[in-house]
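S.K.: Here you go, one structure.
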Amino acid sequence: MLNVLGLDAALVVRRDGDGEARVVYALGYPSELGKEAGGRLYGPADRIFRERTILSLRRALTGEERGGHQGYEEAIDHYCPLLDEERSPIGFLLLTGYGGKPADPASLRLLAGVTKQFSIAYHAQRLNEDRRRQALELEHLNIELEQEQQLLRSQRDLVLGIVQSIHEGLILCDYGMIRFANPTVEAFFGFAAERESPMTSFCERLERGGDGALAGLHRQLLALQEGKLDELQTRFSFRRDEDAALRHYELHANALESPAAIRQLLLVFRDRTEEEKADEAKNAFVGIVSHELRTPLSSIMGFMEILLHREVAKERQRKYLETVYKESQRLSDLIGDFLDLQRMASGKQTYRRLPIAVEPWLRELIDGWKGQWPHRIELHVDTVRPYIVGDADRLKQVMLNLISNAMKYSPGQDRIVVRVRADEASCAIDAIDFGLGIPEESKPKPFTKFYRVDNSERRQIGGTGLGLAVAKEIAEAHGGTLGFESELGAGSAFTVTLPLYRVPSVAGRVVVVEDDANVSGLIAVAFEKLALSVEPFPTAEAAALALQRSGADGRPALCIVDVQLGGRQSGWGFLADVREAPAMQGVPILVATVLDPPPDFRETPSLRYVRKPFTVERLLEAAKQALAGTAL
């Protein structure tokens with residue numbers, strides 16, 4: 001364009017919407033001059049926006065514009081407006097000719113035509129740039145919008161999933177119409193709260209199956225909708241049909257204020273049937289406990305009052321004191337059983353599980369009963385000497401309860417039979433009596449707390465009514481069961497079934513007596529390097545039984561013993577016993593513990609001390625030395 005017009009320099013200036021101007025292109029001017037135009041416009045630059053016509057002005061030159069040899073004295077500047085399609089100025093084109101030669105009419109017409117074409121092209125370019133910029137912005141906005149929509153969909157799906165899966169029934173309504181209801185509502189009441197259906201229909205169906213606590217529910221919801229109520233909370237019972245069980249619910253409704261000023265109602269239904277049952281059971285339990293405690297207390301207080309305030313013959317005094325003693329014992333048993341049940345229910349009951357030889361354990365238990373009852377107890381063991389694992393004291397409590405009940409409910413009989421049976425997996429112990437038996441209507445209830453068969457023959461039989469419940473809890477805690485068979489007038493057989501304990505063989509194996517399963521596992525992995533298998537025992541009693549059963553022909557290759565163990569016997573006591581056993585003669589022993597050895601402990605080629613924590617290498621080295629009998 002400069003070549004066509006015979007001019008020397010050009011400058012394009014654009015004015016933004018806020019009135020500020022900036023140079024968008026410069027050619028032919030000295031470097032500093034091409035950067036000067038900017039900010040607010042004044043003089044000819046401002047006139048061009050008002051007059052919208054070409055202005056040609058002569059000016060004297062200074063500085064770099066005069067040229068390298070100072071050959072130019074004047075210049076003519078042509079201010080040409082740049083117009084949009086509405087002929088509104090959007091900037092100007094400054095064209096400069098150095099030397100001061102004025103333009104002739106033909107040159108001015110050419111200048112006007114060329115600048116007009118430039119103005120059109122520049123405006124079109126700006127529009128294209130604006131469109132490209134807007135397209136990019138729209139693209140970015142679309143991406144952001146898609147991301148927002150995806151986030152909203154994810155949040156919607158998450159919220160919907162939560163609402164659909166929660167155990168509470170939810171209904172959202174406004175202006176008397178149901179807008180949303182989750183599936184739990186239908187699961188509760190047997191009919192759906194259909195979307196866009198009238199709330200009146202739902203309330204009527206709910207009231208028909210309810211217990212009257214929901215009378216006028218729709219009116220109350222309308223009052224809540226109109227702001228006359230702040231919230232609605234009530235409890236009610238509902239029966240889905242005549243054959244269905246009565247269930248108990250809680251309704252909580254409140255208003256939700258939305259941005260559109262629509263007052264929506266949220267109804268939350270909660271099933272509290274199990275809570276109601278628990279409350280009923282708790283109230284019944286408290287009532288029974290109060291009754292059971294007060295009965296012996298009344299006898300104790302009554303007879304003590306007589307003894308304190310009346311003159312009573314010695315024979316009667318003794319009789320009264322015996323009654324007081326028996327009632328005190330009954331009260332003590334009741335409290336003990338009650339506390340046992342509470343510990344079991346809270347998971348605080350602990351058990352010391354040790355191997356038990358069933359036959360000698362039962363014989364010792366039965367011998368303790370001799371002379372206390374007129375009944376004799378016959379023990380029949382129908383199997384090879386079986387073993388079980390459990391807390392001997394707690395299992396003794398089970399058997400004492402079963403034998404005691406057998407004696408109580410067989411008045412006039414002279415014997416009780418205790419029979420032991422076993423199969424491949426379990427050991428069953430029966431307590432059999434030949435007495436009153438249990439009526440058919442009472443057979444579902446013997447393990448119910450405080451239950452006692454109530455008839456004339458049994459009314460005088462003592463007991464807390466908790467013994468069988470405690471016994472059942474103990475049996476199940478040992479992985480067993482407690483059941484019974486009974487025939488009215490012919491007697492009953494109560495059977496406790498427990499898992500059978502198989503005494504493992506230790507011949508040629510590494511016996512590890514350690515109550516920490518992780519340490520036992522580590523030792524087992526370590527001894528794979530020596531091609532030796534490991535037999536772990538959590539208690540000294542279990543290990544001693546295995547060694548005893550193995551005999552001299554089934555000696556282990558090595559014995560690793562911790563000092564602190566979970567059973568009754570410590571590691572030191574175990575070592576003192578087993579070192580004299582035939583199966584342990586010449587068997588090397590490693591004592592592995594965190595404790596310091598006792599002052600009198602002396603290591604020998606076959607007795608080594610390994611301090612915890614130990615490394616696998618240290619353990620294997622000590623084991624190799626002990627196996628080889630290496631001298632210290």
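S.K.: Output the relative contact order of the stretch 70-187, whole-number percent, from Cα pairs under 8 angstrom with separation of 6+ residues.
M.R.: Numbers: 98 pairs, mean separation 18.7, N = 118.
Value for the stretch 70-187: 16 percent.
S.K.: Can you find, among Met344, Ser298, Ala313, the residue farthest towards the positive end of the dipole of the stretch 265-388? Put +1 on the C-beta of Lys and Arg, -1 on that of Asp and Glu.
M.R.: Of Met344, Ser298, Ala313, it is Ala313.
S.K.: Take the residue pairs Lys348/Lys408; Lys348/Lys449; Lys314/Lys370; Lys408/Lys443; Lys443/Lys472; Lys277/Lys408 and return only those whose Cα atoms are more than 24 Å apart. Write out the running numbers ahead of the final one.
M.R.: On the way: Lys348/Lys408 31 Å; Lys348/Lys449 19 Å; Lys314/Lys370 30 Å; Lys408/Lys443 17 Å; Lys443/Lys472 15 Å; Lys277/Lys408 33 Å.
From the list (Lys348/Lys408; Lys348/Lys449; Lys314/Lys370; Lys408/Lys443; Lys443/Lys472; Lys277/Lys408), the Cα-Cα distance tops 24 Å for Lys348/Lys408; Lys314/Lys370; Lys277/Lys408.
S.K.: Under the Kirkwood approximation for Rh and a Cα-based Rg, what ratio Rg/Rh is obtained for the stretch 269-415?
M.R.: Details: Rg = 21.2 Å, Rh = 19.5 Å.
Rounded to two decimals, Rg over Rh is 1.09.
S.K.: While we're on this one: Kindly express, to the nearest 10 degrees and within the range 0 to 90, the angle between helix 392-408's C-alpha long axis and the longest C-alpha principal axis of the chain.
M.R.: The angle comes out at about 50 degrees.
S.K.: So, with +1 on the Cβ of K and R and -1 on the Cβ of D and E, and no other charges, what is the size of the charge dipole of the stretch 112-186 about its Cα centre, to the nearest 20 debye?
M.R.: Working: 8 positive and 11 negative charges, 118 e Å.
With Lys and Arg at +1 and Asp and Glu at -1, about 560 debye.
S.K.: Of the listed values (1) 59; (2) 73; (3) 44, grab the one calculated as percent of Cα pairs over 34 Å apart from the structure here.
M.R.: (2)
S.K.: Mind jotting down the three principal axis lengths of the stretch 143-204 based on Cα atoms? Whole angstrom, largest first.
M.R.: Answer, in whole Å and largest first: 49, 26, 11 Å.
S.K.: Going from most exposed to least, what order do Val12, Val594 have by accessible area with a 1.4 Å probe?
M.R.: Working: Val12 10, Val594 75 Å².
Result, largest first: Val594, Val12.
S.K.: Considering only the other residues whose Cβ falls under 13 Å of the Cβ of Gln125, what net charge follows from Lys and Arg at +1 and Asp and Glu at -1?
M.R.: Charge balance near Gln125 sits at +2.
S.K.: Return the whole-Å distance between the Cα centroid of the stretch 341-357 and the Cα centroid of the stretch 122-193.
M.R.: Distance between centres, Cα-based: 55 Å.
S.K.: What is the stretch 590-632's relative contact order, in percent, from Cα pairs under 8 angstrom and six or more apart in sequence? Spell out each step's value before the answer.
M.R.: On the way: 42 pairs, mean separation 19.9, N = 43.
Over the stretch 590-632, the number comes to 46 percent.
S.K.: Let me ask another. State, to one decimal in nm, how far the label point of Leu620 lies from the label point of Ser154, with both points 7 Å from Cα in the Cβ direction.
M.R.: So the label points at Leu620 and Ser154 sit 5.0 nm apart.
S.K.: Cβ under 14 Å from Glu20's Cβ, Glu20 left aside: what net charge do those residues give with Lys, Arg +1 and Asp, Glu -1?
M.R.: Details: positive: Arg14, Arg15, Arg22, Arg40; negative: Asp16, Asp18, Asp46.
Every neighbour counted, the sum reads +1.
S.K.: How far is helix 314-346 tilted, in degrees, relative to the longest principal axis of the Cα atoms in the chain, given as a value from 0 to 90 rounded to the nearest 10?
M.R.: Taking Cα atoms only, the helix is inclined about 30 degrees.
S.K.: How high is the relative contact order of the stretch 210-321? Use alpha-carbon pairs under 8 Å, at least six apart in sequence, and give a whole percent.
M.R.: For the stretch 210-321, the relative contact order is 16 percent.
S.K.: Going by alpha carbons, how many degrees (0 to 90, nearest 10) lie between the helix axis of 105-165 and the longest principal axis of the chain?
M.R.: Taking Cα atoms only, the helix is inclined about 10 degrees.
S.K.: Principal axis extents for the stretch 66-131, Cα atoms only, whole Å, descending order, please.
M.R.: 47, 28, 15
S.K.: Counting Lys +1, Arg +1, Asp -1, Glu -1, what net charge surrounds Val519 among other residues with beta carbon under 13 Å of its beta carbon? Intermediate values should be presented prior to the final figure.
M.R.: Working: positive: Lys612; negative: Glu514, Asp515, Asp516, Asp562.
Residues close to Val519 contribute a combined charge of -3.
S.K.: Along the charge dipole of the chain, which of Pro30, Ser505, Leu61 sits closest to the positive end, that is, farthest toward it, with unit charges on the beta carbon of Lys, Arg, Asp and Glu (+1, +1, -1, -1)?
M.R.: Ser505
S.K.: Please list, by residue number, every one of the trypsin sites (Lys or Arg not before Pro) in the stretch 150-238 that is coil in DSSP and has at most 16 other beta-carbon atoms within 10 Å.
M.R.: Working: sites: Arg153, Arg156, Arg179, Arg195, Arg205, Arg208, Arg219, Lys228, Arg235; in loops: Arg195, Lys228.
Loop-located and lightly packed - Arg195, Lys228.
S.K.: Give the share of C-alpha pairs in each 10 angstrom bin for the stretch 535-597, from 0 to the last occupied bin, in whole percents, shortest bins first.
M.R.: Result, from short to long distances: 22, 60, 17, 1 percent.
S.K.: When a/c reaches 1.5 or more, the comparison of a/b and b/c decides; with that in mind, is the stretch 511-632 rounded, prolate or oblate per its Cα gyration tensor?
M.R.: rounded
S.K.: Now for a different question. Mind checking the stretch 160-217 for GluC sites (Glu not before Pro) that DSSP puts in a loop (not H, G, I, E or B) and that have at most 13 other Cβ atoms within 10 Å? Before the final figure, lay out each step's value.
M.R.: Details: sites: Glu168, Glu186, Glu194, Glu196, Glu204, Glu207; in loops: Glu168, Glu194, Glu196.
Listed in order of number, the matching sites are Glu194, Glu196.
S.K.: Assigning unit charges at the beta carbon (Lys, Arg +1; Asp, Glu -1) and nothing else, what dipole magnitude in debye, to the nearest 20, does the chain show about its Cα centre? Write down the numbers at each step before the final one.
M.R.: Details: 78 positive and 91 negative charges, 202 e Å.
Roughly 980 debye for the chain.
S.K.: Pick out, from Ser426, Ile366, Ser410, the residue whose Cα sits farthest towards the positive end of the charge dipole of the stretch 357-442, with +1 on the Cβ of Lys and Arg and -1 on the Cβ of Asp and Glu.
M.R.: Ile366
S.K.: Under a point-charge model restricted to the Cβ atoms of Lys and Arg (+1) and Asp and Glu (-1), what is the dipole moment magnitude of the stretch 265-364 relative to its Cα centre, in debye to the nearest 20? Walk me through the numbers on the way to the answer.
M.R.: Details: 17 positive and 17 negative charges, 74 e Å.
Once rounded to the nearest 20, the dipole reads 360 debye.
The values are calculated or read from the model by the stated rules, or taken from the named source; none is laboratory data. Just so it is clear, the structure is predicted and the values come from calculations on it, not from any experiment. Cβ: placed from backbone, ideal geometry, glycine included. Neighbour counts: every protein chain shown. In case anyone asks, the SASA skips ligands and DNA or RNA and just uses the protein heavy atoms, side chains included. Shrake-Rupley method; radii C 1.70, N 1.55, O 1.52, S 1.80 Å.
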